[in-house]
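Engineer: Encoded as structure tokens, here's the structure I'll be asking about.
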Amino acid sequence: MAEETTIDRVDDSEEFLLEVKNLTVHYVLETERVEAVNDISFSLKKGRTIGLVGETGAGKTTAALSILNLVPGPLGVIESGEIVLSGNNVLKLSPKQLEKIRGKDVSMIFQDPMTSLNPVMTVGDQIAESVKLHEKVNNAAAYRRAMEMLELVGIPGMRASEYPHQFSGGMKQRVVIAIALACNPKLLIADEPTTALDVTIQAQVLDMIGQLKEKFGTAIVMITHDLGVVAEICDEVAVMYAGKIVESGTLDDVFNHTTHPYTEGLFYSIPKINNKKASLVPIPGLMPDPTKLPKGCAFAPRCAYAFEECSADKLSLRKINQTHSVLCRAYDNPDFHLNLKEGHNNA
Amino acid sequence: MLRYVLRRILWLIPVIICVSFIIYTLLSLAPGTIVDKMITDSTTQAELQEIMAKYDLDKPMVYRYAKYMWGLLQGDLGTSQITGSSVWQSFIARLPNTLWLALASLVIGVGLSLPLGILAAKYSSTIWDNLTTGFTLIGMSMPSFWLGLLLLRWFSLDFKIFPAGGNAGLKSFVLPAITSGLMLMAMVTRQTRSAMLEVLHSDYLRTARAKGVPEKSVIRVHALGNAWIPIITTIGNVLSRTLAGQAIVESVFSWPGIGRLTIEAVEQRDVTLACGCVILTSIIYVLLLLLVDIMYAVVDPRIRAQYQGTKKSKKAVMA
Amino acid sequence: MSGNDAATLSVSKRYKKQSALGEIWHRLKRNKGAVMGLVIFFIFVIIALYSSFFVDYNTQVTAIDPSNAYKPPSSEHFFGTDNMGRDLFYRVLYGTRYSLVIGLFSVGFALVVGIILGSIAGFYGGRTEDIIMRASDILASIPGLLLGMCIVTVLGTNLFNLVFAVGVHSIPEFIRVTRGSVLLVRNQEFVESATAIGYGSLKTLFTQVVPNGLSPIIVTYTCRIGSAIIEAASLSFLGFGVPVPTPEWGALISDGRNYLRMAPFLTYFPGIFIMIAVLAFNILGDGLRDALDPKLKR
Amino acid sequence: MKKCRKSALVFLSLAMVFSLLISCGSAADSPSGTPGTFTEDGQLVLPTGVEFVDDLVVISDNNKFSVIDIDNPASNVLTNRWIDTLVYDTLVDCVAGKIVPSLAKSWETADSKHFTFKLRDDVVFHNGEKFTAKDVIYSFQRHQAAKGTQAYDNTKNIETMNAPDDYTIEFTTKDVDVDFLMELSNVYTSILNQKAIDADAEKGAWVGTGLWKIVGFASNDYVKFEVNSSYWGQATPTKKLTLKYVVEPSTRLIQLQNGEAQACFQLDQTDYQYAMADPAFRYETVTVNSSMYLAFNMNDKITGDINFRKAVAAVINRADMIQVAQAGFGEAPTDGSWWGIQTEFRNTDIPLIKQDIELAKEYLAKSSYKGEEVEIVAGNGDWVKHAQLAQAELQKIGVKIKIFQTDANGLFAYAKYDGNQAQMVAYVGPFSFSASSIKSFLYPGSVANRASYNNQEVAKLIDQATVTIDVVEREKLYKQIQQIEADELPFIYLYARTTVFIEDKNVGGVRLSADATHDISRIYMVKSK
């Protein structure tokens, strides 16, 4: 088990709030191993928002859960890597210490609001529970705090004594957000918060997350497969494919100077407002089977630019500039470029 | 909520009437009457007729039933034809024994099965889980009287730990409570396990953990809180079967309860006592099921909302 | 004995496409418990058949020979002998048929009555539904054992009355289950299409609605058999069961209980057989529940 | 066994009465003699220099006692007799067949029709009321009104009663009754208290003058007694007594061994051998005067045929029945008479039909039986076992038997005198010593006549016997009745059950009697060191 590291509160200097280094997480079943996350690294400063983008099954949720060390039970095993959250390696903390930071330093919003709330507890109690856990306050104060949080997310405070089944989907997601932000955490992990909502509610929720970000300076790890959401709210982007980060950088780097063929494929597969006639070019083939990942670049079989070296097992991250890096052998030869035009995607 | 409970209690009246009709006719049709066993060997036919007249046995069954029902409607359960004491008195005299035993088997049944079920769900598909499943299957299949005899043989005959019968203090509760509680325990453990399995995979537990709630209270508060509904349903069903099975346990352990009183009344053809006992047992039955329904509302807010009608939710919509 | 069971299966065969039945069998095979339950059930059927042809009722089952009473289990008498010197092994074997018959037929009787009343209640609804459901609630509120006792006291102690007494108590449950599944199936399109092409309401009910609602009923049937066997054994334990020489398992235990001290095996063996039989039906019921209604599974 | 002869007895008792008076007066301490035994006149000899246990628990037999009231027909149960002997007293007592004084100090009768009793003046009821002749009259009138009870049977013969003063009572019986004193000694003619009964109908009947007071009663469960400190007769060291009913026979010995009870009237027969082998216990056995019988329906086509009945008689194996039903605790008869083994005037020179398969086949061949199925009605418990054994034996000579098992109520309804649906009945006969009690079985129209036996000559003889004062003449009549009965064989006498009373080895003071009116009022237990 991790050696006992005391939680030291790092002051919020230019230091990174969250550093994920070489994180690898596999699900060990009886007959096979699902390699969900393979050696990903990214870091996030205080108040910044990073978007983890990728198709379903790319390992986004697993990565997010490992930040809270919540990878489910006996199957999920964090093979290697470090997750440093304001100075502490989350993976080495004891359960007691983990319980202290969850909800306080880092908290999480989940995808499906319909099942994320405890049906037999009032909404107010569920928020107050988090407050009582992390702050020495009596029940009344905690309950008042819960009503304040509800007002904050646009729900009348009086409804704190109602039960989840009396709220609509959008309202429920607001409650989940209220729970997550109850103790004003430094880092918020949002696992596809708007996927289950319809478009109008989606915009309200994103808008609210943006305001809260401004108000509390909360750093956000936004997990989504919707590039529109990324463009809307994220400062930095990391594109994941088959458990690896194939391209990461600032919003401008990835959107306007796309380097990785998979990212290009993603952009091709979303309709353009200003170019209605353009036909969509879906990426051929399917996501690789996580239990039998090919050697070298996992995207090679589907990549238009692939050549033999791509399948070689040695594959290292190439830094294009200070903030932009890509995992692709094609750039070994200097004048390689994608046929996607620069700056096509004005943010 | 009160309106619903009242309606269910009012529902008792047709139950009483129908149950009394069924049991009264059944017992009156049974061969042999109460008088046959009472008379001495040297009673003459004339004297026999006179005694029959005393118990209205010479009149048609319909007359006796009408007289009995007339008394019943005035809330008088009549007097036992044998002891002459009122049915209500003899029932109340024996009721505490049965209730205490039922309570003891409930404590054993539910008390032990909750932790067992939770552990089995938490460490599912481990040795513990298989053991529990095996134990519950056997517990469900074991006839209670056979178990009673075995316990009697081993624990009061061979090891002389527990008394062999009668209601003499706390120690004499143990064996009968285990006998009548085992079926309850087996069924409730199975249900707890399956309910908890379902709940453990639910998302709101993950939300709770993400809030930093310690694992212990994640299970106790959040998981169990939601698992209660199916558990209570099973307790309701099996409790009615356990109460019925009391008669058996009381016979094996010479326990002076209602079950035995009813059996003796039926054997002695004491129609008013038997009828009274069955009616009162059915009433306890119906009240028990009502209690289980009320427990639903206590445990599950969604059901509680149905009872409170639309008053509350209307206000919320307007706000 | 298992005629009734086969009848239920054949009913579903006629109305369900072959693949559906094959599919249920396929899923049932995968469930270890269900297979074990079926195997034990067939072993008991074989025992019952064997004992009715090869075990002579007069010489081996009821022949009284007080001289060799209370012999402990030995190679000669596998389960030992009872107070009248009769071989317990043959009596238990012979008793198998009674428990099977009681289990299958009493619940079978309740199944038939329950389906008829339940489907009528579910299908027609309104007044008839209320009456039927209220009546079944009343019947359900009388404790099973007491009702059984009264019935046997009136009709006298023989196998048929015991089957009836145990069966009566399971009727309310079948009514409820049938009504539930009929309500579920009733408003599905294919039922409307049946009435559209001119099926009378009764015809629709029994040709379309009921067969498709069969799975929960079959599950309830199998699970109730176990408790029916126990209830029958309890009744004969209290002296309200089968007449004296019949070696029904409950009666065997009831006789054996007086010899707990010197001949405990007289109580152990019949009890073990009851337990195994009930166990078989319980796990078979579970297996059937998983196989028939995946969404019902734990 | 001694018999109560009328005339010799009367003069003897008169002489004895005066000697007893002196001894009763000083009845405070117990007479000398071997401890635990009873003297001639029913006084218990207590062990000296020992401490006694205060609270004793006794387990009753298989009978349930649902009500305690002599005049309630529902209390015709054996267990109620034991409760009555504890709580009430009778005018006279019968110890070892001899009439001894009890509430009545002395009595005289010249013609067995007019009786005068001198009553004790120092007796008090449990509720503090003084005992006077008025109580005797009230009690007897209440008995005479209680149709269907033994009390009614014992007192219906009394024509007039009057009490010239508080301590004298005179009776005149309708016709000469030789057994009147015997009937008065029976516990059923106990003395109740009018004031108590008027005050509380249910519990009033519990008040008596006996050694024990009822302080608690739960129907079919237990009766709790406390010693009556102001008792007129010999006191007992035991303070509290509980009589309890244990449903499950197999648990009775376990309760004894666990110390939950100190004595038990009837263990499960199979447990006798263990109890006897256990050094902590002592047992007393008495062969009960009752007769386990098989009765034939005389009006039925098959069983009405004497040869069929003789065939059945020749097939019965009494040793097997005693072994299977009573685990060997029973006494087979040595003669062919059908009466209780200890009933007076038993005719012992009637030959017994022993088991002889060939003879049985001969009788069967002569009978009109052609292979039909014959039904035996049997009550639960021992009687069903008799039926099963009879079935097995009769199978050997080709008679097919069907057993209809039912509880007592069902049996009585099924095998009534008129409209007897049963072909054969397996049940038990009366317990009483007096020959007159046999009348209820052989007399046409009597309820207990399960054989629907209708023999006018026997009826005439019975009527004549009950009024013959001369003992020798009466004996001749009763023996003649037995001979006719043996020839026609409506009943077959199987065996007499032997009751085994198990008690802790330190317990004593229990008086067992053949007619099962056991008396545990003097029960005591020495504290073991």
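The values are calculated or read from the model by the stated rules, or taken from the named source; none is laboratory data. In this text the structure is predicted, and so the values were computed from the model without any measurement. Here the Cβ is made from the backbone with ideal geometry for all residues, glycine too, and neighbour counts use every protein chain on show. Quick note on the areas: whole protein, heavy atoms, side chains included, nothing else; ligands and nucleic acids left out. Shrake-Rupley method; radii C 1.70, N 1.55, O 1.52, S 1.80 Å.
Engineer: Kindly indicate which of B:Ala210, B:Ala265, B:Ala244 is more than 22 Å from B:Val298 (Cα to Cα), modelled with pLDDT of 85 or more and either more than 14 Å from chain A (Cβ to nearest Cβ) or open to solvent by 10 Å² or more (accessible area, probe 1.4 Å) (or both).
Structural biologist: Result of the check over B:Ala210, B:Ala265, B:Ala244: B:Ala265.
Engineer: Just wondering, is there one or more residues in segment C:161-172 that are more than 8 Å from chain B (Cβ to nearest Cβ), touching a residue at least 24 places away in the same chain (Cβ under 8 Å), of a type in the set (Phe, Trp, Tyr) and buried (at least 24 other Cβ atoms within 10 Å of the Cβ)?
Structural biologist: So far as segment C:161-172 goes, no, none of its residues is more than 8 Å from chain B (Cβ to nearest Cβ), touching a residue at least 24 places away in the same chain (Cβ under 8 Å), of a type in the set (Phe, Trp, Tyr) and buried (at least 24 other Cβ atoms within 10 Å of the Cβ).
Engineer: Taking helices (runs of 4 or more DSSP H) that do not extend beyond segment D:176-294, which have at least 1 residues that are β-branched (Val, Ile, Thr) and farther than 27 Å from D:Val45 by Cβ?
Structural biologist: Once the helices (runs of 4 or more DSSP H) in segment D:176-294 are filtered for at least 1 residues that are β-branched (Val, Ile, Thr) and farther than 27 Å from D:Val45 by Cβ, what remains is D:194-199, D:250-257.
Engineer: Let me ask another. Test B:Ala66 against the criterion of being within 12 Å of chain D (Cβ to nearest Cβ), out of contact with any helix residue (DSSP H, G or I) (no Cβ under 7 Å at 6 or more places or on another chain), open to solvent by 30 Å² or more (accessible area, probe 1.4 Å) and part of a helix (DSSP H, G or I), and give yes or no.
Structural biologist: Spelling it out, it is not the case that B:Ala66 is within 12 Å of chain D (Cβ to nearest Cβ), out of contact with any helix residue (DSSP H, G or I) (no Cβ under 7 Å at 6 or more places or on another chain), open to solvent by 30 Å² or more (accessible area, probe 1.4 Å) and part of a helix (DSSP H, G or I).
Engineer: In segment D:82-100, what count of residues is obtained for those that are in contact with a Phe, Trp or Tyr (Cβ under 8 Å, 6 or more places away or on another chain) and open to solvent by 30 Å² or more (accessible area, probe 1.4 Å)?
Structural biologist: Adding up the residues that qualify gives 0.
Engineer: Related question: Within the bounds of segment D:424-432, is there any residue that is buried (at least 23 other Cβ atoms within 10 Å of the Cβ), of a type in the set (Gly, Ala, Ser) and within 14 Å of chain B (Cβ to nearest Cβ)?
Structural biologist: yes
Engineer: Same structure, new question: For segment D:57-142, please list each of the strands (runs of 3 or more DSSP E) lying entirely inside it that holds at least 1 residues being closer than 22 Å to D:Val510 by Cβ.
Structural biologist: Strands (runs of 3 or more DSSP E) meeting the threshold: D:92-95, D:98-101.
Engineer: Looking at D:Ala465, D:Ala486, D:Ala514, D:Ala451 in this structure, which one is closer than 21 Å to D:Gly429 by Cα, free of Cβ contacts under 8 Å to residues at least 60 places away in the same chain and either buried (at least 17 other Cβ atoms within 10 Å of the Cβ) or not assigned by TED's automatic domain parsing to the domain that holds D:Phe345 (or both)?
Structural biologist: Matching residue, one of D:Ala465, D:Ala486, D:Ala514, D:Ala451: D:Ala465.
Engineer: Of the residues C:Ile229, C:Ile225, C:Ile217, C:Ile197, only one is of a type in the set (A, V, I, L, M) and open to solvent by 30 Å² or more (accessible area, probe 1.4 Å); which?
Structural biologist: The match here is C:Ile197.
Engineer: Pairs only if they're at least six apart or on different chains, beta carbon under 8 angstrom, first in segment B:37-66 and in contact (Cβ under 8 Å) with a residue 40 or more places away in the chain, second open to solvent by 50 Å² or more (accessible area, probe 1.4 Å); list them, first residue then second.
Structural biologist: That search, which allows pairs on different chains as well, returns B:Tyr65/B:Phe21.
Engineer: Can we say A:Lys100 is over 17 Å from B:His222 (Cβ atoms), within 23 Å of the chain's Cα centre (by Cα), at the interface with chain B (Cβ under 9 Å from one of its Cβ atoms) and charged (D, E, K, R)?
Structural biologist: yes
Engineer: Right, next: Counting only residues that are open to solvent by 30 Å² or more (accessible area, probe 1.4 Å), under 16 Å from C:Pro247 (Cβ atoms) and in a loop (DSSP other than H, G, I, E, B), how many does segment C:67-90 have?
Structural biologist: Qualifying residue count for the region: 1.
Engineer: Out of B:Ala46, B:Ala102, B:Ala30, report the one residue that is surrounded by 21 or more Cβ atoms within 10 Å (Cβ to Cβ), of a type in the set (Gly, Ala, Ser) and modelled with pLDDT under 85.
Structural biologist: Sole residue among the options that is surrounded by 21 or more Cβ atoms within 10 Å (Cβ to Cβ), of a type in the set (Gly, Ala, Ser) and modelled with pLDDT under 85: B:Ala30.
Engineer: Right, next: Looking at (1) open to solvent by 20 Å² or more (accessible area, probe 1.4 Å); (2) of a type outside the set (S, T, N, Q); (3) out of contact with any helix residue (DSSP H, G or I) (no Cβ under 6 Å at 6 or more places or on another chain), find the lone condition where B:Phe162 falls short.
Structural biologist: Only one criterion in (1) open to solvent by 20 Å² or more (accessible area, probe 1.4 Å); (2) of a type outside the set (S, T, N, Q); (3) out of contact with any helix residue (DSSP H, G or I) (no Cβ under 6 Å at 6 or more places or on another chain) is unmet by B:Phe162, namely (3).
Engineer: Also: Looking at (1) open to solvent by 30 Å² or more (accessible area, probe 1.4 Å); (2) within 14 Å of chain D (Cβ to nearest Cβ); (3) farther than 25 Å from C:Met275 by Cβ, which is the one condition that is false for C:Asp130?
Structural biologist: (2)
Engineer: Looking at (1) of a type in the set (Asp, Glu); (2) open to solvent by 20 Å² or more (accessible area, probe 1.4 Å); (3) within 14 Å of another protein chain (Cβ to nearest Cβ), which is the one condition that is false for D:Glu248?
Structural biologist: (2)
Engineer: Can you tell me which residue is nearest to the other protein chains (Cβ to nearest Cβ) among those in segment B:268-299 that are among the charged types (D, E, K, R) and buried (at least 20 other Cβ atoms within 10 Å of the Cβ)?
Structural biologist: Going through the qualifying residues, I end up with B:Arg269.
Engineer: While we're looking at this one, here's another question. May I ask you to verify whether A:Ser43 is farther than 30 Å from B:Tyr296 by Cβ, more than 13 Å from chain B (Cβ to nearest Cβ), open to solvent by 40 Å² or more (accessible area, probe 1.4 Å) and in contact with a strand residue (DSSP E or B) (Cβ under 9 Å, 6 or more places away or on another chain)?
Structural biologist: No.
Engineer: What tally of residues in segment D:472-483 results from selecting those that are open to solvent by less than 20 Å² (accessible area, probe 1.4 Å) and closer than 19 Å to D:Val178 by Cα?
Structural biologist: Of the residues in that region, 4 qualify.
Engineer: Can you name the condition, by its number, that D:Gln234 falls short on among (1) within 8 Å of chain B (Cβ to nearest Cβ); (2) open to solvent by less than 10 Å² (accessible area, probe 1.4 Å)?
Structural biologist: The single condition D:Gln234 does not satisfy is (1).
Engineer: While we're looking at this one, here's another question. Counting just the residues of segment D:301-313 that are small (Gly, Ala, Ser) and farther than 15 Å from D:Pro333 by Cβ, which one comes out surrounded by the fewest Cβ atoms within 10 Å (Cβ to Cβ)?
Structural biologist: Going through the qualifying residues, I end up with D:Gly304.
Engineer: Now for a separate question. Does D:Ala151 qualify as being touching a Phe, Trp or Tyr at 6+ places or on another chain (Cβ under 7 Å) and within 14 Å of chain B (Cβ to nearest Cβ)?
Structural biologist: For D:Ala151, the condition - touching a Phe, Trp or Tyr at 6+ places or on another chain (Cβ under 7 Å) and within 14 Å of chain B (Cβ to nearest Cβ) - is met.
Engineer: Continuing with this model, one more query. Quick one: how many residues across segment D:334-391 are in contact with a strand residue (DSSP E or B) (Cβ under 9 Å, 6 or more places away or on another chain), open to solvent by less than 10 Å² (accessible area, probe 1.4 Å) and small (Gly, Ala, Ser)?
Structural biologist: The qualifying residues number 6.
Engineer: Filter segment D:394-415 down to residues that are of a type in the set (S, T, N, Q) and buried (at least 19 other Cβ atoms within 10 Å of the Cβ) and give me whichever is farthest from the other protein chains (Cβ to nearest Cβ).
Structural biologist: So, considering only residues that are of a type in the set (S, T, N, Q) and buried (at least 19 other Cβ atoms within 10 Å of the Cβ), the one farthest from the other protein chains (Cβ to nearest Cβ) is D:Thr406.
Engineer: Can I ask one more? Among the residues of segment D:128-145, is there at least one that is open to solvent by less than 10 Å² (accessible area, probe 1.4 Å) and within 19 Å of the chain's Cα centre (by Cα)?
Structural biologist: The answer is yes, given that some residue of segment D:128-145 is open to solvent by less than 10 Å² (accessible area, probe 1.4 Å) and within 19 Å of the chain's Cα centre (by Cα).
Engineer: Among the candidates A:Met114, A:Met121, single out the residue that is under 17 Å from A:Ala180 (Cβ atoms), at the interface with chain B (Cβ under 8 Å from one of its Cβ atoms) and in contact with a Gly (Cβ under 9 Å, 6 or more places away or on another chain).
Structural biologist: The match here is A:Met121.
Engineer: Ok, one more. Restricting attention to segment B:134-155, which residues are more than 8 Å from chain C (Cβ to nearest Cβ) and in contact (Cβ under 8 Å) with a residue 60 or more places away in the chain?
Structural biologist: B:Gly148
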